[in-house]
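See structure below.
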Amino acid sequence: MIFGRAIGRHYEEGRDDASASDLAKRPWKKDWPHYIRVHDGGFLAGTMENGVSLGELMDELGPHAFGSTTENIKSGTGNTDPRKAIRQHPAVRLAPAGLEWLSERLELAFQEHGRLQPAQLAKLDWPEF
C-alpha cells in the first residue's frame, strides 16, 4: 500500500546510518541500519485500508507501470512483468503512466482522508542527527 510521496535524498554513508544511540533504542535497526531521508513529502492521514494499492497499479498498467518494464517492451528484451521487477530491486522507478495513475489516486485519497500535518509528523520517533 502507498501512503504518500516524497523526494528521496541520495544515501550518504554515516549520515544515513543508525547511530549507537539509535541502535540502543531500536534493536531491530541492527538488521536495517539505513535511513531513507526524504523531503517535500505528503502523507495520508488514514489507515491501511485508505492507502493506494501498488498491486492495483500493476494489475491495471501491467508493464507500463514501471520505467524498466516499459523500456524492456520498447527494446524487445528483458523482463516486462512488473511483479518480477519489484521483487528484484529495493525500489523501482515509475513510468510516466504509473506516475500519472498513482498521482491521481493519491490526490483522491488526500481529498477523502486528509494529509498528515507537520505537527503530527513532528511527534514521530525521529532518529538523532
Around Asn72 (Cβ within 13 Å, Cβ-to-Cβ, excluding Asn72; K/R +1, D/E -1) the net charge comes to +1
Longest the chain segment clear of GluC sites (Glu not before Pro) sitting in DSSP loops (not H, G, I, E or B) with at most 14 other Cβ atoms within 10 Å runs 14-127
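Cβ under 12 Å from Glu60's Cβ, Glu60 left aside: what net charge do those residues give with Lys, Arg +1 and Asp, Glu -1?
Numbers: positive: Arg105; negative: Glu56, Asp59, Glu100, Glu104.
Every neighbour counted, the sum reads -3.
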Straight-line reach check, Lys25, cutoff 25 Å on alpha carbons, 8 or more apart in-chain or any other chain, hits among lysines -> Lys123
Between [x] 11.2; [y] 13.5; [z] 9.4, the structure-derived mean projected area of the Cα convex hull in nm² is [z]
dims of segment 23-80, Cα set, principal axes, largest to smallest, nearest Å -> 50, 28, 22
The local net charge around Gly8, scoring Lys/Arg +1 and Asp/Glu -1 for residues other than Gly8 whose Cβ lies under 14 Å from its Cβ, equals +2
Excluding residues fewer than 8 positions from Lys74 in its own chain, the aspartates and glutamates with Cα under 20 Å of it are Asp59, Glu60, Glu100
With DSSP loop assignment and no more than 12 other C-beta atoms within 10 Å, the trypsin sites (Lys or Arg not before Pro) in segment 4-101 are Arg15
In degrees rounded to 10, the 0-90 angle between helix 96-113 Cα long axis and the longest Cα principal axis of the chain is 50
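As an exercise, identify the trypsin sites (Lys or Arg not before Pro) in segment 94-129 lying in DSSP coil whose Cβ has no more than 15 other Cβ atoms within 10 Å. Could you put the intermediate results ahead of the total?
On the way: sites: Arg105, Arg115, Lys123; in loops: Lys123.
Here the sparse-neighbourhood loop sites are Lys123.
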If every Lys and Arg gets +1 and every Asp and Glu gets -1 at its Cβ, then about the Cα centre segment 1-78 yields a dipole, in debye to the nearest 20, of 300
For Lys30, counting only aspartates and glutamates whose alpha-carbon sits under 13 Å away and dropping same-chain residues fewer than eight positions off, the answer is Asp17, Asp22
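We did not get these values from a lab; they are worked out from the coordinates using the rules stated. This is a predicted model, so every value here is computed, not measured. Cβ: placed from backbone, ideal geometry, glycine included. Neighbour counts: every protein chain shown.
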